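Enquirer: Take this structure first; my questions come after.
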Amino acid sequence: MFDAEQSLRDERTNLVHQLTELGANEDGELRDDVSFGEGFADAAAATAERTEVMGLVESVKGMLDNVDIALERLEDGSYGTCAECGKQIGQARIEFRPESIYCVDCKAKAS
């Protein structure tokens, strides 16, 4: 039997770990101890690396935010109901993407 809460909590743990590996905290901010090179000759490479890491952090942080929203919806009883139209989100979609807050139709309209 599918356990949405456990799946979301596992995914949250995984995403927080990814942020840590990227050198960011849970808020998506880079930690002070992250270094991208010190020398002037490495400035361009360091800037490129920092930009790439920040893009990855932003993406992972967005996924973490979605998981947190889904967990909040579990707590308030609205989980499984589309945040846009109010219809039930299909079980297959919930199992595939437990962090979903939109039904397939509303998600397609937003994309």
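Derivation of every value follows stated rules applied to the coordinates shown; laboratory data play no part. As the structure is a computational prediction, the values presented were derived from the model and not from experiment. Here the Cβ positions follow ideal geometry from the backbone for every residue, glycine too, while neighbour counts run over all protein chains shown.
Enquirer: Check whether at least one residue in region 34-42 is within 25 Å of residue 4 (Cα to Cα) and acidic (Asp, Glu), and report yes or no.
Expert: no
Enquirer: Residues of region 74-86 being touching a strand residue (DSSP E or B) at 6+ places or on another chain (Cβ under 8 Å), on the phi < 0 side of the Ramachandran plot and either crowded, with 18+ Cβ neighbours inside 10 Å or not hydroxyl-bearing (Ser, Thr, Tyr) (or both), which ones?
Expert: Step one: of region 74-86, the residues touching a strand residue (DSSP E or B) at 6+ places or on another chain (Cβ under 8 Å) are 80-82.
Add one more test, that the residue is on the phi < 0 side of the Ramachandran plot, and what stays is 81-82.
Matches in region 74-86: 82 only.
Enquirer: In addition: Quick test for you: out of 110, 70, 45, pick the one residue that is of a type in the set (A, V, I, L, M) and surrounded by fewer than 12 Cβ atoms within 10 Å (Cβ to Cβ).
Expert: Only one candidate qualifies: 110.
Enquirer: If I ask for residues that are closer than 17 Å to residue 9 by Cα and in contact with a helix residue (DSSP H, G or I) (Cβ under 8 Å, 6 or more places away or on another chain), which ones from region 56-94 would you list?
Expert: Correct list: 60, 61, 63, 64, 67, 68, 70, 71, 74, 79, 80, 94.
Enquirer: If you don't mind, there's one more thing I want to ask. Go through (1) under 30 Å from residue 104 (Cβ atoms); (2) touching a Phe, Trp or Tyr at 6+ places or on another chain (Cβ under 6 Å); (3) not aromatic (Phe, Trp, Tyr) and name the single condition residue 46 misses.
Expert: (1)
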